[in-house]
Amino acid sequence: MSTMEYHKDFITYLDTDTCLKILMCLDDPADFVRVTCVSRSWRHSVIANGLCKQLCLRMFPQLSRFAFVVELNQHGTKEHEEVGSSYSMEWLVLQREHRVFSYLGKALMSSVAMNCIAKTVGASSTDNFPQESIDNTLEPRDVISGRYSYWSSDGQSNPNVPETLTYELVSQICVITEINIQPFQAHFQLGSPIYSANSVRFKMGHPKDSLDAFDEELFVWTYTSPEFPMSQENRLQKFKLPEPVLCIGGILQIELLGRVQRQEMDGLLYMCVSHVQVLGGSLSPPFNVDILQPSGMFVLKRDQLANHQPVVTSGNESQDVSDEQRGLGDIQRIVTILRAQGVGVVEDEWDEDEYDIDDFDPEFAL
């Protein structure tokens, strides 16, 4: 086989559907960025078919509600769009989506675990306010200044009356993997009863911008978890979601279902929680969202100035090197390696000047 034949681009010999099936086998956003470095035809195929966006949608179906993407420059404003033909404008949109979803894919796969609760929103009921407020659930200690710290519901005679605890997360776009809850044990009562629920369920969504004065529901829920059984034990119980969930809107609600413990003093059933953790990662500041009311669709915004910053800091300082300097060097090294190994880089199709540096994040290649 001659050298010229060895470097033929297989994509030019296959139909579009077959090419897409091959490329869609990739399951890492970094792979798509590397593919765009191989040749002009490969780059065009990835961008024109929105493969980075499709991968993100496979990973997190909640992204299917996005309306369009926006890139913000260093001044916090939208990048200027040049006027041109409908085809050129459509291509600019596809390139923008490719850039945004490439960075988003990397962020979704590299976020560092943290407690994502920013503050409490409210509880469906509280027995003694503010002594037994939902705010107490943010404190991991059971006793503070000689006083027990916990939230308590109102007492009910019906065991099926549910309760809810609602929290605002650290940003409007978070990846949530696990919710941990510790029921409260009343050591000051006879027998030290534990006021757990029978089971729990979790909802995620965003505030509702409703003008209807009779609309009592304040939130739109875009995700509802399966129901998890809760043990009547005084420990931090871990409820891992079946798959990581992208919370768009920054609101999480815990549903406590089924009362199991009566208070001896009044014979009523209560639920009490001493501590709550919501584990996951924030995608802000590089990413943010605007919710479009009343449709519930959202605008995904990427801050270009935050490209070099880690999604969630892990304590390590990042090197102060510009994206362009790092990106150009890494692109050239990748092309050199691919050519040296003879993996199909098409010499007559590669145009280094054509490649948009902003499409490439050097961290993908590390």
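The values are calculated or read from the model by the stated rules, or taken from the named source; none is laboratory data. No experiment lies behind these values; they were computed from the predicted model shown. All Cβ positions, even for glycine, are placed from backbone atoms using ideal geometry, and neighbour counts span all protein chains on display.
Okay, residues lined up against (1) at pLDDT below 95; (2) buried (at least 21 other Cβ atoms within 10 Å of the Cβ); (3) of a type in the set (D, E); (4) touching a helix residue (DSSP H, G or I) at 6+ places or on another chain (Cβ under 7 Å):
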{"site": "V220", "(1), (2), (3), (4)": "yes, no, no, no"}
{"site": "T224", "(1), (2), (3), (4)": "no, no, no, no"}
{"site": "K238", "(1), (2), (3), (4)": "no, no, no, no"}
{"site": "L241", "(1), (2), (3), (4)": "no, no, no, no"}
{"site": "I254", "(1), (2), (3), (4)": "no, yes, no, no"}
{"site": "L279", "(1), (2), (3), (4)": "no, no, no, no"}
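The set of residues in region 234-268 that are of a type in the set (A, V, I, L, M, F, W, C) and within 23 Å of S171 (Cβ to Cβ) comprises F239, L241, V245, L246, C247, I248, I251, L252, I254.
Quick one: would you say S124 is buried (at least 16 other Cβ atoms within 10 Å of the Cβ) and farther than 17 Å from Q261 by Cβ? Considered against the rule, which asks whether it is buried (at least 16 other Cβ atoms within 10 Å of the Cβ) and farther than 17 Å from Q261 by Cβ, S124 comes out as yes. Strands (runs of 3 or more DSSP E) fully within region 219-268 that include at least 1 residues being free of Cβ contacts under 8 Å to residues at least 40 places away in the same chain, more than 20 Å from S125 (Cα to Cα) and not basic (K, R): 219-224, 237-248. When S39, S64, S45 are checked against the criterion of being at pLDDT 75 or above, outside the structural domain of I176 (by TED's automatic domain parsing), among the small types (G, A, S) and surrounded by fewer than 13 Cβ atoms within 10 Å (Cβ to Cβ), a single residue qualifies: S64. Restricting the first member to region 185-196 and to residues that are under 18 Å from G146 (Cβ atoms), and the second to residues that are polar (S, T, N, Q) and in a loop (DSSP other than H, G, I, E, B), the beta-carbon pairs closer than 6 Å and six or more apart or on different chains are Q185/S192; Q185/N234.
The numbered conditions (1) free of Cβ contacts under 8 Å to residues at least 12 places away in the same chain; (2) outside any strand (DSSP E or B) are all true for D290 except (2). For G258, only one of the following conditions fails: (1) under 29 Å from the mean Cα position of the chain (by Cα); (2) buried (at least 18 other Cβ atoms within 10 Å of the Cβ). What is its number? With respect to (1) under 29 Å from the mean Cα position of the chain (by Cα); (2) buried (at least 18 other Cβ atoms within 10 Å of the Cβ), G258 is out only on (1). Against the condition surrounded by fewer than 18 Cβ atoms within 10 Å (Cβ to Cβ), within 30 Å of K106 (Cα to Cα) and at pLDDT 95 or above, how does P207 come out, does it pass? In short, no.
Return yes when E178 is in contact with a Leu (Cβ under 8 Å, 6 or more places away or on another chain), charged (D, E, K, R) and at pLDDT 95 or above and no when it is not. Against the criterion (in contact with a Leu (Cβ under 8 Å, 6 or more places away or on another chain), charged (D, E, K, R) and at pLDDT 95 or above), E178 qualifies.
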